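To start, the structure itself, in structure tokens.
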Amino acid sequence: MWTSPILPWSPLARGLLSGTRKALDDRETTTRAASDSYSPHLYDHPADWDVVEAVVSVAKQRGVSAAQVALAWLMSKPGVTAPIVGATKLAHLEDAIAAVEIELSAEEVATLEKPYVPHAVKGIL
């Protein structure tokens with residue numbers, strides 16, 4: 001059975017899954033945070049921050065960046081072939097490349113997925 005490749009857009013949730021922001025209304029931590037007025041519309045569920053915390057926790061345990069863990073999780077999902085990452089710094093590209101080599105354990109995947117709460121699709125469809 002052939003399936004179409006999946007190319008996720010904004011796989012780091014507009015930078016939230018990189019673990020650099022302290023809260024959705026944080027406008028000081030990153031350039032993106034200072035200029036992004038749309039994230040609060042997309043990520044307004046309290047459980048979204050629980051997911052960020054889980055990603056940061058797994059990353060700390062592994063000694064890698066949160067972005068690497070988030071991308072490794074995404075790329076482990078069936079059908080995902082190439083997340084569309086927005087690299088504005090060389091380190092962003094290096095994280096994306098390093099994520100390809102990370103294999104998460106079943107326990108790590110469970111830790112990452114446990115806090116996720118599905119909510120309505122938002123944004124441009």
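Considering only residues that are surrounded by 10 or more Cβ atoms within 10 Å (Cβ to Cβ) and aliphatic (A, V, I, L, M), look in the stretch 108-125 and name the one that is modelled with the lowest pLDDT.
Filtering the stretch 108-125 for residues surrounded by 10 or more Cβ atoms within 10 Å (Cβ to Cβ) gives 108-117, 119, 122.
When the remaining residues are screened for being aliphatic (A, V, I, L, M), the result is 109-110, 112, 117.
Details: VAL109: 97, ALA110: 97, LEU112: 97, VAL117: 90.
For the stretch 108-125, the residue satisfying everything is VAL117.
Mind checking whether some residue in the stretch 40-47 is closer than 18 Å to PRO8 by Cα and modelled with pLDDT under 95? Step through it out loud before you land on a result.
First pass over the stretch 40-47, keeping only residues closer than 18 Å to PRO8 by Cα: 42-43.
After this cut, where a residue has to be modelled with pLDDT under 95 as well, the list is 42-43.
The answer is yes; a qualifying residue exists.
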Set SER76, SER105, SER65: member being among the hydroxyl-bearing types (Ser, Thr, Tyr), modelled with pLDDT of 90 or more, touching a Leu at 6+ places or on another chain (Cβ under 9 Å) and surrounded by 10 or more Cβ atoms within 10 Å (Cβ to Cβ): SER76
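Would it be correct to say that ALA120 is in a helix (DSSP H, G or I), of a type in the set (Gly, Ala, Ser) and free of Cβ contacts under 8 Å to residues at least 60 places away in the same chain? Reasoning before the result, please.
Details: in a helix (DSSP H, G or I): no; of a type in the set (Gly, Ala, Ser): yes; free of Cβ contacts under 8 Å to residues at least 60 places away in the same chain: yes.
So ALA120 does not fit the description; no.
Tell me whether the stretch 84-101 contains one or more residues that are part of a loop (DSSP other than H, G, I, E, B) and farther than 20 Å from THR20 by Cβ.
Yes, there is a match, as at least one residue in the stretch 84-101 is part of a loop (DSSP other than H, G, I, E, B) and farther than 20 Å from THR20 by Cβ.
The values are calculated or read from the model by the stated rules, or taken from the named source; none is laboratory data. Nothing here was measured: the structure is a model prediction, and the numbers come from that model. When we count neighbours, we look across all protein chains shown, and the Cβ atoms used for this are built from the backbone with ideal geometry, even at glycine.
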